[in-house]
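The values are calculated or read from the model by the stated rules, or taken from the named source; none is laboratory data. The structure displayed is predicted, hence computed values, not measured ones. Cβ coordinates were reconstructed from backbone atoms using ideal geometry, including for glycine residues, and neighbour counts include every protein chain displayed. SASA here: full protein model, heavy atoms, side chains in, ligands and nucleic acids out. Shrake-Rupley method; radii C 1.70, N 1.55, O 1.52, S 1.80 Å.
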Amino acid sequence: MTSARAPALWLLLLPALGLALFFLHPLATVLWRSVTDAQGSFTVGNYLRLFDDPGLPRAALRSLAIGIATTACCVPLGLALAMAQHRSRLPGKAFIRGALLLPMLAPSLVLGLGLVCLLGRNGLVHRLTGATTDIYGFWGLLIANTLYGLPQVVIIVSAALARTPARHYDAAASMGATPWRQFLDVTLPRLRFALLAAAFLVFTETLTDFGSAVVVGGNYRVLAMEIYSEVVGQLDFGMGATLGVVLLAPALLSVWLARIARRRQDSGDAMPGRMLLPAKHAWRDTALGALSVAALLPMVAVVATVAYVSVVKLWPYDRTLTLANYTSGMPDGYGPVATSLGMSFLAACAGSVLVFALAAGLRRAPRGVARPMQFLASLPAAVPGMVLGLGYVLAFDHGALSGWFYGGIAIVSFCSLYHYHAQAFLAMQTGMRQVPDALDDAVAVCGGGTGHVLRDAVMPFVAPAAISTFFYLFMRSMVTLSGVIFLVTPDLGLASVTVMRLDENGFLAQAAAYAMCVVLAGALALGAMRLILHVLKERRHVA
């Protein structure tokens, strides 16, 4: 082993232990519990029971149906919005980006809550017009999931559009290709793998989503709801684990296919060169503008409805405006919000350090160590949050570690961290690729140790990625629900779970107030991240 590789292996030690203890151990516990009975004996009875209850196969088919339908809606709409931002001369593109941020700043159930308040049986539309509206079931779930998945499609497709160089379009135009032919022959071929990756991502998240289903699903029960009912309603952890494995299988397949598509997409031009400046085209811009309004207006309306409901006295019967829901109307005060903030901050701090050490160690680790570690670090993307949360209950509710972790804020923080570990790791690894290999060698030659190399050679290049990783983990931890639904206790409440509990009990105005607190926290975090990155960029220019 060379002297350069020894520090790299030490850097990998703590992240590897964290992945083993807080990811592999809970996941293995779920798999083992699905094939054992209450006495710990091996059995396949849990899987045989899946066919005894006709509701479970029906829920599985419904999960697949809503996943396919949501994907079919999100991908074309996401493509249109990405084209509106990068291939049009539309005014007000900042408003498009701002609207797309709204679903990312709130738990998925907030969109469902807004739909209920807007189009439910006693929703705002019914109250104002008298029209009969009922959003519960398949269509409500489809709308909520589409609104939640749409921004992620736009992000993936936009990144692919940004990597398409202008010279391809110049060559097509010189050969007489019309704008429509350029779209068919240049744009779509360059986007095919990005569209596939986006489709698999939306399908996976829809298949495993719990927040929207619990609010607007109604009698249209999906697998995520069945897992929740088995564990919380019947305390049947064996069946809950079995359903978790069933939910895990298509999620693993979908994420694996998405990784193949993303790898093929990234194998294109490393240096895209001059970016395309779209020419004015009235028909194209009008069509893209109309599609953008049609896609984003419901998104804004739903979140605006939640904001409105949060300042009424008693929804839907007394719509007098008041701030009482933010003062004396909160059943638990700001305790759940403060707990969510503390949990998210802890997850972001620990995650940033662990992911940085992991990405830094992999730069110098031998190939036989680096490849398995990269696979392990990316694997959490394929594990639904509800399955991971159930694994934490089964792994840490008893035994030697239960007194240390279960019931405390640390266990919820680690669950949130490893739920979003893959995305944070990929972001950090992208930043780590910006570090010239010769630079840390130069620091080492001058007598600097591993700490000096990380501080003087690596951190200046990785700082933007590290800052983005911190705020990404913070914001995602604030809005998470499925991963922590099994970990909350009477003494440990989280804002997202409190929104769900209040909605279940009919306190919609109070639920909306808690939801808007989460949205505000996410917006402030996003603003702080952009400010810090801007200051960092300005200092680099001055230097």
ask   = In nm, what is the difference between 0.36 nm times the number of residues separating ARG58 and GLN234 and their Cα-Cα distance?
value = 61.4 nm
inquiry  = Tell me whether region 1-151 comes out rounded, prolate or oblate; compute the Cα gyration tensor, take square roots of the eigenvalues as a ≥ b ≥ c, and use a/c under 1.5 as the rounded threshold.
reply    = oblate
key: Overall form of region 65-111 per C-alpha gyration tensor (a/c, 1.5; a/b vs b/c)   = oblate
task = Taking the Cα centre of region 1-152 as origin, work out the dipole magnitude from +1 charges on Lys and Arg Cβ and -1 charges on Asp and Glu Cβ, in debye rounded to 20.
result = 620
remark   = Toy charge model, Lys and Arg Cβ at +1, Asp and Glu Cβ at -1: region 147-267 dipole around Cα centroid in debye, rounded to 20, equals 680
ask   = Nearest 20 debye, what's the magnitude of the dipole of the chain about its Cα centre given +1 on Lys and Arg Cβ and -1 on Asp and Glu Cβ?
value = 1880
task = At 7 Å along the Cα-to-beta-carbon direction for both ASP397 and LEU17, put a label point, then send me their distance in nm to one decimal.
result = 2.8
request  = Please name which of MET239, ALA381, GLY18 has its Cα lying farthest along the dipole of the chain towards the positive end, using unit charges on Cβ (Lys, Arg +1; Asp, Glu -1) and the Cα centre as origin.
outcome  = ALA381
ask   = Taking the Cα centre of region 49-181 as the origin and placing charges on Cβ (Lys, Arg +1; Asp, Glu -1), which of GLY92, GLY123, ALA173 is farthest toward the positive end of the dipole?
value = ALA173
ask   = Using modelled amide H (1.01 Å from N, peptide plane; none on Pro or chain starts), what sits under 5 Å from the amide H of VAL312, excluding residues fewer than 5 places away?
value = THR322
remark   = Expected sort for 409-419, 372-382, 78-88 on mean C-beta neighbours within 10 Å, highest first, is 409-419, 78-88, 372-382
query = Going by average Cβ neighbours within 10 Å, how do the peptides 358-370, 99-111 rank, with the highest at the top?
reply = 99-111, 358-370
key: Candidate lysines - alpha carbon under 27 Å from LYS93, same-chain residues fewer than 8 apart omitted   = LYS280, LYS537
Dipole axis of the chain (+1 Lys, Arg; -1 Asp, Glu on Cβ), positive-most option in VAL435, THR286, VAL255 = THR286
ask   = In whole percent, how big is the carbon plus sulfur part of the accessible area of region 50-131, probe 1.4 Å, protein atoms only?
value = 68
ask   = Which helices count as membrane-span-like in the chain under these terms: full DSSP H, at least 27 Å along the axis by C-alpha, Kyte-Doolittle mean of -0.5 or more?
value = 55-86, 138-162, 188-208, 237-266, 282-309, 335-364, 459-479, 508-542
